[in-house]
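Just below is one structure, and these are the notes that go with it.
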Amino acid sequence: MLRRRSVSSPRILLLLGGAIGVTTLAIFAAVGSDIDDASLRQHVFLQLTLPLVINAMLVGFALSASAACLQVLLNNPLADPGIIGISSGASLMAALVLLTGIAGQLAYLNYVLPLACFMGALFSTLLIYRVAQRMPASPVAVILAGIAISTVCGAIIAWLYYFADAQALRNLTFWLMGSLHQADAALLVVAVPLISAALIYILSNLSHLNRLYLGTDAARAAGTNVSTLNKRLLLACAIAVGGAVSLAGSIAFVGLLVPHLLRLLLGYNNRLIVPAAGLCGSLLMLLIALASESWAVTTLPVSMLTATIGGPLFILVLMRGQFRLSA
């Protein structure tokens, strides 16, 4: 049975939306505030600030909402796009594009890179699903399959590192560390519709996710086609994660930690948890963008900040014995 909370769902989502709005205004005020020329300030806003805000919100929402969905879908609290291998497939394809010289031969790299990440995420998801199917039925099966696929992808990337030139190595290292400045208008035009469609499909199936708490047989009796739901939601999560990786690189801990903290506070109703996780992920990425822009020395890598914040919080949750999936 889903745990009830005294605070209503619309109020929680409204508060999160307000926090996102305030943080967005702070970013608008921080970026380009020292520019006196009006036309130059407008150029900075359209070419730098607005893509930064859209990128941060979209990436945070995609990673957190997808992870919240995967954790219920796979019945495993460790299900996270990075841990189960979806991000590693996208990273491998990005490495192939950036390290093999394809980037210098293609005039439309902004379109090729997200497409490659989508293909890598989809392929790794399919491979993980097939490998897990051949293992004994267990919530750990997908995790083990994901670790295996991630190891293979990491090995291939290491070999690419070995043979790549210095400039290509710098490009990939910067990309893998994560940056919200990598997405420009052209890249967002390609990625936003695909990620948005995937997220809309995930959000439209939250009642079916709630039925999975009762078990596979009970969900089928309630009218849910569990097999079809698994395949389609896995595909939607792969598309959303592939798009997020193409926009910002590999980002740690956001998808793993945010849904669990929300379940501790709000219960286990996915119709609240998944959209709230998405909004919290967006807020977290906006705060990281604000911290990075306020840093006077240089732009800080996103993964460094998320790991610094998420690692200690994750340890605290584990030590308190609150790492659970359902009530």
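The values are calculated or read from the model by the stated rules, or taken from the named source; none is laboratory data. The shown structure was predicted, so the numbers you read here are calculated from the model rather than taken from an experiment. With ideal geometry, Cβ positions are generated from the backbone for all residues, glycine too; neighbour counts draw on all protein chains shown.
So, in segment 123-142, exactly how many residues are under 20 Å from the mean Cα position of the chain (by Cα) and loosely packed, with under 14 Cβ neighbours inside 10 Å?
0
Inside segment 143-181, can you point out the residues that are closer than 14 Å to residue 94 by Cα, over 23 Å from the mean Cα position of the chain (by Cα) and not in a helix (DSSP H, G or I)?
164
Might you check whether a residue that is within 27 Å of residue 150 (Cβ to Cβ), surrounded by fewer than 19 Cβ atoms within 10 Å (Cβ to Cβ) and among the aliphatic types (A, V, I, L, M) occurs anywhere in segment 261-268?
Yes, some residue in segment 261-268 is within 27 Å of residue 150 (Cβ to Cβ), surrounded by fewer than 19 Cβ atoms within 10 Å (Cβ to Cβ) and among the aliphatic types (A, V, I, L, M).
Regarding segment 262-273, can at least one residue be identified that is within 19 Å of the chain's Cα centre (by Cα), in a helix (DSSP H, G or I) and under 30 Å from residue 115 (Cβ atoms)?
Checked against the condition, which is being within 19 Å of the chain's Cα centre (by Cα), in a helix (DSSP H, G or I) and under 30 Å from residue 115 (Cβ atoms), segment 262-273 yields no hits at all.
Do you know which residues across segment 200-220 are out of contact with any Leu (no Cβ under 9 Å at 6 or more places or on another chain) and either among the polar types (S, T, N, Q) or within 21 Å of residue 57 (Cα to Cα) (or both)?
Within segment 200-220, 200, 203, 204, 207, 216 qualify.
Looking at segment 127-139, I want the residues that are over 13 Å from residue 84 (Cβ atoms) and part of a loop (DSSP other than H, G, I, E, B) and have a partner that is modelled with pLDDT under 80 and aliphatic (A, V, I, L, M) with Cβ atoms under 7 Å, at least 6 apart or on another chain. Which pairs are those?
Every condition considered, the pairs that remain are 135/141.
Can you name the residue in segment 182-222 that is modelled with pLDDT of 75 or more and not in a helix (DSSP H, G or I) and is also surrounded by the fewest Cβ atoms within 10 Å (Cβ to Cβ) among such residues?
Ranking the qualifying residues of segment 182-222, first place goes to 204.
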